[in-house]
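Engineer: Quick one: structure below, then a few questions.
The values are calculated or read from the model by the stated rules, or taken from the named source; none is laboratory data. Please read all numbers here as calculations on a predicted model, not as lab measurements. Virtual Cβ from ideal backbone geometry, glycine too; neighbours counted across all protein chains shown.
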Amino acid sequence: MRHKTIGKILAGLTALLLPLTAAVAAPPGAYGATTSLSSASALAAWAPWTAYTAGTRVTYDGTEYECLQSHTSQPGWEPPNVPALWKATGGGGGDTQPPSKPADLRSTGVTSTSVSLTWNASTDNVAVTGYNLYRGTTLVTTVTGTTHTDTGLTANTPYTYTVRAKDAAGNLSPPSDPVTATTTGGGGGDTQPPSKPADLRSTGVTSTSVSLTWNASTDNVAVTGYNLYRGTTLVTTVTGTTHTDTGLTANTPYTYTVRAKDAAGNLSPPSDPVTATTTGGGGGGGDKVLGYFVQWGVYQRGYHVKNIDTSGSAAKLTHINYAFGNVQNGQCAIGDSYADYDRFYSAAESVDGVADTWDAGALRGSFNQLRKLKKKYPHIKVLFSFGGWTWSGGFGQAAANPAAFAESCYRLVEDPRWADVFDGIDIDWEYPNACGLTCDTSGPAAFRTLMSALRSRFGAGNLVTAAITADGTSGGKIDAADYGGAAQYVDWYNVMTYDFFGAWAAQGPTAPHSPLTSYSGIPTPGFFSDNAIQKLKGKGVPSSKLLLGIGFYGRGWTGVTQAAPGGTATGPAPGTYEQGIEDYKVLKTRCPATGTVAGTAYAHCGNQWWSYDTPSTIGGKMGYSKDQGLGGAFFWELSGDTTNGELITAMRNGLG
């Protein structure tokens, strides 16, 4: 998704920015004593567990970096890994290496007024931050992804394009090889219809809906859309190859056909019909409620496993994902040993009221607290989640030897010290064969191969799941990896249907970060939850293996005068731990919701504009999950809820 590559920090990247100016308790002995900044004139080398203020300069691997936001560093937050916190400067041998030349620039479609383009991602010694697209010598736009449609063109005219990658230091790659595409003739004499759509099929049914997909047609000019018919009634016209027909009657057969069309209005022959029968009434779908527990929450946030119990959340959860383990040198690794299994919990802090011991070999930290929570709530299953926004850079190396990676993960998750704590593994790779904090080029099959290796090693007796992108745009991140092929190896996917929009676009337009559906004026067409769900179904992922994602936080702007979505802004709104983001438990009283759009809520208070989910909008989303026959829902993350668990209660009540 666009926001994943231009300095936004995902819900997962909250880990990066939690300790701003407050000190963070470091694992004793892990990196030596916590250090302070040198007052000497020479620049100090970057070090973990160090308090840095904005403007401070350090060196790392021979490159000079300037601190952008005050924070206390932690392992994994090395300057080149965290562009939200550090930028390379021109001094001290700063980054002067440009990204690689973008390869295979090509046209994927033309109309009389537009040319659609795509190209292969570039690589960089630090990170690619965007691409400049040129029409001739004119800069058309700068994008963070690898696709763009150039509009407002003249019919029947050739246009030549090149693209150059850029990095945070401003280095530009050599231009790609040029490609020339010619727009079609406007209103010409095209009388040739598109080919007949093939393999129309149902990918899922509920008591009130039928989900359909079909293979794309071809045309001598370009296919512009598809007419979907229920019997002889035109249901809708879509530009993609999927649709969910809703508002149907339970336990009823429906027959569908589809016809492709082009810009001249030519219609293809109808597809072969397909008949699908809705399920019986009473709702469908699973009742999984999964929450992420973040290891860094025990520091500045002061959120511990005991809080899951005292808030009433434990009784409502079915699964907990413990985030995160690291991925280094092609292997699974512990991310924070102090928080994970060494921190001492007093009787008052402990789930069962019994203090930890310092006996040799005794388990402490959050792992031991999770063990106690599971004893008190035997229905809860716990998975060890690896990767996340910060620690996904190691998956490319892991994919080169998936069997060795799977073996390392199994040995870590099933370590005798805590084997009883975990019921499986969750992979949060952001993103296979696409760009996140760094860009991955392991190829479209890498994710499927990795998940196959994990399933083989962990076996049928353990859970194997993955958190995956919700970028359902054409040529987007869902298209970049074989999520359909990998579905056979996972118990379910956590689809990250949040963070579609946010204040990384500092001037707006304001937009809800977790829209369930599209709406008039949405900044990026296709950036909404239902589009991702339907695209994954269209790729063959069973509905029951999809969990809908909910954010227990909001994203916001400041300098906003317009109450409705689509307003301009002057920058990110202030937040407790990071600008532009705030927990629901804070926003519900600081900036109460003033409206709803696309199945989620927004709030305009003073000059701030926020979007977030409320108990009411979560209820609607849980209804959607049931109607779509999904496996349930998950959320990021537990510490964002109120002390009495308002949001998780809405999820549990909504799913039944």
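Engineer: Determine, yes or no, whether W492 is in contact (Cβ under 8 Å) with a residue 40 or more places away in the chain, aromatic (F, W, Y) and surrounded by 24 or more Cβ atoms within 10 Å (Cβ to Cβ). Break it down into steps so the answer makes sense when it comes.
Structural biologist: On the way: in contact (Cβ under 8 Å) with a residue 40 or more places away in the chain: yes; aromatic (F, W, Y): yes; surrounded by 24 or more Cβ atoms within 10 Å (Cβ to Cβ): yes.
In short, yes.
Engineer: Also, quick follow-up: Looking at (1) within 18 Å of D613 (Cβ to Cβ); (2) surrounded by fewer than 24 Cβ atoms within 10 Å (Cβ to Cβ); (3) in contact with a Lys or Arg (Cβ under 8 Å, 6 or more places away or on another chain), which is the only condition D530 fails?
Structural biologist: Evaluating D530 over (1) within 18 Å of D613 (Cβ to Cβ); (2) surrounded by fewer than 24 Cβ atoms within 10 Å (Cβ to Cβ); (3) in contact with a Lys or Arg (Cβ under 8 Å, 6 or more places away or on another chain) leaves (3) as the failure.
Engineer: Show the residue pairs that are 6+ apart or on different chains and have beta-carbon atoms under 7 Å apart, the first residue being within region 135-153 and outside the structural domain of D124 (by TED's automatic domain parsing) and surrounded by 10 or more Cβ atoms within 10 Å (Cβ to Cβ), the second being at pLDDT below 90 and part of a strand (DSSP E or B).
Structural biologist: none
Engineer: Given the conditions (1) touching a Leu at 6+ places or on another chain (Cβ under 7 Å); (2) among the charged types (D, E, K, R); (3) free of Cβ contacts under 8 Å to residues at least 40 places away in the same chain, report the number of the one that K87 does not fulfil.
Structural biologist: (3)
Engineer: How about region 270-377: which strands (runs of 3 or more DSSP E) wholly inside it have at least 1 residues that are surrounded by fewer than 19 Cβ atoms within 10 Å (Cβ to Cβ)?
Structural biologist: On the way: elements: 274-277, 288-294, 319-328, 331-333.
Here the list reads 274-277, 319-328, 331-333.
Engineer: Going by what's in this entry, would A466 be described as touching a Pro at 6+ places or on another chain (Cβ under 8 Å) and modelled with pLDDT of 95 or more?
Structural biologist: On the way: touching a Pro at 6+ places or on another chain (Cβ under 8 Å): no; modelled with pLDDT of 95 or more: yes.
For A466, the condition - touching a Pro at 6+ places or on another chain (Cβ under 8 Å) and modelled with pLDDT of 95 or more - is not met.
Engineer: Okay, next question. Looking at the structure I just gave you, is V382 in a strand (DSSP E or B) and at negative phi? Write out each step before concluding.
Structural biologist: Values: in a strand (DSSP E or B): yes; at negative phi: yes.
Against the criterion (in a strand (DSSP E or B) and at negative phi), V382 qualifies.
Engineer: Quickly run through region 361-375 and pick out the residues that are within 19 Å of I334 (Cβ to Cβ) and free of Cβ contacts under 8 Å to residues at least 24 places away in the same chain. Break it down stepwise before answering.
Structural biologist: Restricting attention to region 361-375, the residues satisfying the condition of being within 19 Å of I334 (Cβ to Cβ) are 361-371.
If the condition is that a residue be within 19 Å of I334 (Cβ to Cβ) and free of Cβ contacts under 8 Å to residues at least 24 places away in the same chain, then A362, R364 are the ones that fit.
Engineer: So G540 fits all but one of (1) surrounded by fewer than 18 Cβ atoms within 10 Å (Cβ to Cβ); (2) at negative phi; what number is the exception?
Structural biologist: It is condition (2) that G540 fails.
Engineer: Step by step: first the residues of region 395-433, then only those that are surrounded by 24 or more Cβ atoms within 10 Å (Cβ to Cβ), of a type in the set (D, E) and under 15 Å from V464 (Cβ atoms), then the one that is nearest to the chain's Cα centre (by Cα). Which residue is that?
Structural biologist: Of everything passing the filter in region 395-433, D428 is nearest to the chain's Cα centre (by Cα).
Engineer: Of everything in region 465-486, what is out of contact with any strand residue (DSSP E or B) (no Cβ under 7 Å at 6 or more places or on another chain) and assigned to a helix (DSSP H, G or I)? Give them in sequence order. Even if it seems obvious, please write down each step before you answer.
Structural biologist: Within region 465-486, the subset out of contact with any strand residue (DSSP E or B) (no Cβ under 7 Å at 6 or more places or on another chain) is 469, 471-474, 476-482, 484-486.
Selection gives K477, I478, D479, A480, G484, G485, A486.
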